[in-house]
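These notes concern the structure reproduced below.
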Amino acid sequence: MKSAPLPIMPAAIVVAIVVLLAVVVVPTATAATSSVVVDHAANNVQGQVGEPSVVLLGVVSNLSACEALCLAAQHPVRAQKAPSPASSSLSSPRTTVASTECLSFTFHHTDFVKAKYRGHCYGRVDAVWTPTSQVGIDSGCRLDVGNTSRCNTPVTPPPPPSPSPPAGPVCRTDFDCAGGNGRCLTSNGTCSCRPGWQGAICGTFKFASGSARRAYRSPLWTWGGSPIFEPSTNTYHLFGSEMTNHCGILHYCINSQVIHLTAPNATGPFAGREVVLAPRDNAWDNGAIHGVTVHRLPNGTYALFYLGSEQPGVRHHPNCTAGSGDASANSTFGSHSGRRIGVALSDSLDGPWRRLGAPLFSPDANAWDNIDVSNPSPIILRNGSVVLLYKGRGSKTQHMGLAFADTVGGPYRRNASGTTPPDLPGEDPWGWVDRATGVLHAVFHDGNGADSAGSHRWSADGVVWHGDGTPPAYTGTMSWAVNPTDPVHSNKTTVLARRERPQLLLDGEAGSSYGVPRQLFTSAEDCEFRGSDGGTGIPCPDGVGTDMAYTVVETIMS
């Protein structure tokens, strides 16, 4: 999850930055002053964003505006968050730096391939000038300060591509094809993928082109959804996490609740929102209910697993609504240490849902995850036993966890007796059993952007998992459906700044853990301004969407 936002900066400085942002210049325009050397298609901060010497000056629309921010920056602050265009600002330093002036600047074009960096203007407060060739980025070196000879350093060309490994067999058995997602052709050792999968070892989802849609519309921030089909009524249900009082996703430990929606088809739009689980006063989940996932049990009843947040003594949930008068709302996020895993049971997807009086699964003082546990994803086997994937945090590590139980109600036994975490990636797991092969599979949120957003692992027994180092299961690249009700995305290809909390709708035994993936539901943010968390959304620099989180569904080919 995100970190807390930066403090609000002085109003006079904010106004100055807003004036700079209002200047409209062609993004590739050369810097206007003669005191600057500009190298186009050059990155002078590569791999160093977040270092004390690299400063996020603001989010701007062009190179000239970025140069102006650098020239005006006398006391830049280390940039740990990306401010919104309306609040981009400078402030007094919080770290010791080599200079109190910006000596060079780097501008990411507003159409830069990674959406979360679009329009970002970085400055350096040290004398480093070692630009590396990179399309979509321009960098400028100031000649009026410091040792100007440094500005003569030529741009380093990109390294030559690594030679392709020699062609050879990638499989010996079908299990080598991502756990049976393909058939191993023993004549040449290659995988022939089943429908819905692609890649050399069949570990990457193959989405239908132009199939991405917003799952439902909401005036509030939402964070993913758990789908399930009810065949007796031919209805698709969706349970999701909704942030209350117009607060953003940073508030998930103190402002989240669970909503229920329905639709006549798998891709929605889902409607008929109702709140089904909310924080309970004087209970262990008094802070928030988040990260819900719904499952049909072998006896035909249903279970909602969720992250419950315990916030001792809390009686107030922040109100981030404009004009609410809640001055502390944007700095009140609740403690992560109170995260626990809970479950609610029901005979019907329409409820009522019965919660336990205590957490289903908690941290263990003698285990590696001795502080908190969250992000539950159960794989429920035919005999009612459970393989539980979750995220745990301890005094030495935060990692994926693995536990087992004979029934949903527990007790749960940690993998390796809790001595060490399993070798699993990322966070936000979701698991299932391939109905044809019996192999267990799981996807995880792992990265963001065009390179990777999710990982895929598989297991024959739920204990030993395979797939480390394999290509991503999916990325943040979205091929949007033609949709007149969503003109912002309709018929476009975009790259989400964040695509997290994956959950699948399976084609198989409705609602159970057995089946074949047909739709992927995730949370989504078109862009991200880490100095902002809540409200009705700040427009993205490229004009596509806002930073307000929503829920998206994409269809996997069959």
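The values are calculated or read from the model by the stated rules, or taken from the named source; none is laboratory data. Here the structure is a predicted model, which is why all the values come from computation and not from measurement. Cβ: placed from backbone, ideal geometry, glycine included. Neighbour counts: every protein chain shown. Side chains included, ligands, DNA and RNA excluded: accessible areas come from the protein's heavy atoms. Shrake-Rupley method; radii C 1.70, N 1.55, O 1.52, S 1.80 Å.
Inter-part distance, the stretch 304-359 to the stretch 367-396, computed on C-alpha centroids, equals 19 Å. S53 sits with roughly 30 Å² accessible to a 1.4 Å probe, with DNA, RNA and ligands left out of the calculation.
Against the globular-protein guess of 2.2 N^0.38 Å, express the Cα radius of gyration of the chain as a ratio, rounded to two decimals.
Normalised by 2.2 N^0.38 Å, the Cα Rg of the chain equals 1.02.
In the chain, the DSSP-assigned H stretches of four residues or longer account for a calculated mean residue ellipticity at 222 nm of -1000 deg cm²/dmol, using -39500 (n - 2.57) per stretch and the full residue count as denominator.
Charges were assigned to the Cβ only: +1 to each Lys and Arg, -1 to each Asp and Glu. The resulting dipole of the stretch 511-558 about its Cα centre is roughly 260 debye. If you count Lys pairs in the chain whose Cα atoms are under 21 Å apart, skipping same-chain pairs closer than 8 places in sequence, the total is 10.
At a threshold of 8 angstrom on Cα-Cα distance, excluding pairs fewer than six apart, so keeping six or more, what relative contact order does the chain reach in percent?
Computed over the chain, the figure is 13 percent.
Split the accessible area of the chain by element, probe 1.4 Å, and carbon with sulfur accounts for 54%.
For the stretch 237-348, the per residue solvent-accessible surface stands at 34 Å², with DNA, RNA and ligands left out and a 1.4 Å probe.
If the only charges are +1 at each Lys and Arg Cβ and -1 at each Asp and Glu Cβ, what is the size of the charge dipole of the chain around the Cα centre, to the nearest 20 debye?
280 debye
By DSSP, the beta bridges lying fully in the chain are antiparallel in about 95 percent of cases. When peptides 352-362, 469-479, 58-68 are sorted by average Cβ neighbour count within 10 Å, with the highest value leading, the order is 58-68, 469-479, 352-362.
Unpaired cysteine residues in the chain (no second Cys Cβ under 4.7 Å): C253.
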